[in-house]
Amino acid sequence: MAFNEFALTYEPGIRVAAFLGVFAVMAAWEAAAPRRRRQQPRAVRWTGNLLLVGLDTLLLRFAFPMAAVSFALVAEDRGWGLLAAADLPFWARVLFSVVALDFAIWLQHVMFHAVPVLWRLHRVHHADPDFDVTTGARFHPVEIALSMLIKLAVVGLLGAPALAVLLFEVLLNATAMFNHANVRLPEGLDRVLRRFVVTPDMHRVHHSMAVDEANSNFGFNLPWWDRLFGTYRAATRLPQEQMEIGVRGLSEDPRAVRLAGLLVLPFIEAGEDMSIGHGLEPTRDLG
């Protein structure tokens, strides 16, 4: 079976299987050895977060019947994108596309912090009063739709192979659940891993209530962009067990853990975020 036919037929199943598999592993790890004590009952938070994930999934299927992988097949068939004219072997085009897509998502993440109206959408993700595997998929539907439009534009501009797009989406989904998990890695292993992938302790810094700490470590998958552009921060001022997670003025709101509240969260006025979404300054590496 040609890959194009395979991708069209099995892409949804591959993504669902990867999501469920990684989710089950990380949820079991969190239950067995949590990094931080929970602030909210898991049943309440998980219900709201997972209902939002389900709503996002339905929105993407109805609003974007042509998923990113399908769009990549169309772009490839029509010769769109920078890579269409590049004399590169297939494996090089796949590798380049995965890395380029990751950079685009990193840049998008920075933009959603820097532009106030976009931050209002993105703070739904940050307002989670706890930090665990479900946080990695907790995004407002409008942000999910905008993210898909950006991804489609990048895929078309690059002419990314469909295999690269499928690999990237599976990797991004898996690493987002991994680095949002409430788990502890041995310090030495974490120090090595964060050279190649964003670890939970690295990304947890980004979910601090402290503005300067939240404006760092934007990566979901590859950790290199933060190091290259000066937004890497090795640790929070307080130990990770004691740091405050969330968005001040919103995470304390009971609506921050329920589906109806999550949908209206971008429109709630709060005193917390008068600076986090109003421009970024490079953070200093604390180690």
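The values are calculated or read from the model by the stated rules, or taken from the named source; none is laboratory data. Everything numeric here is computed off the predicted structure, so don't read it as measured data. Using ideal geometry, Cβ is built from the backbone for each residue, glycine included, and neighbour counts are taken over all protein chains shown.
Only one residue in Arg204, Arg227, Arg191 is part of a helix (DSSP H, G or I), within 16 Å of the chain's Cα centre (by Cα) and of a type in the set (D, E, K, R), so which one is that?
Arg204
Does Glu213 satisfy the criteria of being touching a His at 6+ places or on another chain (Cβ under 8 Å), part of a helix (DSSP H, G or I) and farther than 23 Å from Ala31 by Cα?
Here the answer is yes, as Glu213 does meet what is asked.
Which one of these is over 20 Å from Gly136 (Cβ atoms), surrounded by fewer than 21 Cβ atoms within 10 Å (Cβ to Cβ) and among the basic types (Lys, Arg): Arg191, Arg184?
Arg191
Quick one: count up the residues across region 215-225 that are touching a residue at least 40 places away in the same chain (Cβ under 8 Å), out of contact with any helix residue (DSSP H, G or I) (no Cβ under 6 Å at 6 or more places or on another chain) and surrounded by fewer than 23 Cβ atoms within 10 Å (Cβ to Cβ).
0
Out of the residues in region 254-271 that are surrounded by 15 or more Cβ atoms within 10 Å (Cβ to Cβ) and either without any contact (Cβ under 8 Å) to a residue 60 or more places away in the chain or touching a strand residue (DSSP E or B) at 6+ places or on another chain (Cβ under 8 Å) (or both), which is nearest to Arg35 (Cα to Cα)?
Kept after step one, since they are surrounded by 15 or more Cβ atoms within 10 Å (Cβ to Cβ), are these residues of region 254-271: 255-259, 261-263, 265-266, 268, 270.
Okay, now just the ones that are also either without any contact (Cβ under 8 Å) to a residue 60 or more places away in the chain or touching a strand residue (DSSP E or B) at 6+ places or on another chain (Cβ under 8 Å) (or both), so 255, 268, 270.
Working: Arg255: 25, Ile268: 31, Ala270: 29 Å.
Among those that are surrounded by 15 or more Cβ atoms within 10 Å (Cβ to Cβ) and either without any contact (Cβ under 8 Å) to a residue 60 or more places away in the chain or touching a strand residue (DSSP E or B) at 6+ places or on another chain (Cβ under 8 Å) (or both), it is Arg255.
Could you tell me whether any residue of region 138-151 is in contact with a Gly (Cβ under 9 Å, 6 or more places away or on another chain), free of Cβ contacts under 8 Å to residues at least 60 places away in the same chain, within 25 Å of Thr199 (Cβ to Cβ) and not in a helix (DSSP H, G or I)?
There is no residue in region 138-151 that is in contact with a Gly (Cβ under 9 Å, 6 or more places away or on another chain), free of Cβ contacts under 8 Å to residues at least 60 places away in the same chain, within 25 Å of Thr199 (Cβ to Cβ) and not in a helix (DSSP H, G or I).
State whether one or more residues within region 110-130 are under 25 Å from Gly13 (Cα atoms), in contact (Cβ under 8 Å) with a residue 60 or more places away in the chain and either out of contact with any strand residue (DSSP E or B) (no Cβ under 6 Å at 6 or more places or on another chain) or not hydroxyl-bearing (Ser, Thr, Tyr) (or both).
Here is the first cut: in region 110-130, the residues under 25 Å from Gly13 (Cα atoms) are none.
Checked region 110-130: no residue is under 25 Å from Gly13 (Cα atoms), in contact (Cβ under 8 Å) with a residue 60 or more places away in the chain and either out of contact with any strand residue (DSSP E or B) (no Cβ under 6 Å at 6 or more places or on another chain) or not hydroxyl-bearing (Ser, Thr, Tyr) (or both).
Working carefully through the options Val124, Val110, find the one that is touching a Ser or Thr at 6+ places or on another chain (Cβ under 8 Å), among the aliphatic types (A, V, I, L, M) and closer than 18 Å to His203 by Cβ.
Numbers: Val124 fails: touching a Ser or Thr at 6+ places or on another chain (Cβ under 8 Å).
Answer to the check: Val110.
If I ask for residues that are surrounded by 15 or more Cβ atoms within 10 Å (Cβ to Cβ), farther than 17 Å from Val257 by Cα and at pLDDT below 90, which ones from region 10-59 would you list?
Within region 10-59, Glu11, Ile14, Arg15 meet the criteria.
Tell me, yes or no, whether region 122-130 has at least one residue that is farther than 30 Å from Gly246 by Cα, in contact with a Phe, Trp or Tyr (Cβ under 7 Å, 6 or more places away or on another chain) and not in a loop (DSSP other than H, G, I, E, B).
Scanning region 122-130 turns up no residue that is farther than 30 Å from Gly246 by Cα, in contact with a Phe, Trp or Tyr (Cβ under 7 Å, 6 or more places away or on another chain) and not in a loop (DSSP other than H, G, I, E, B).
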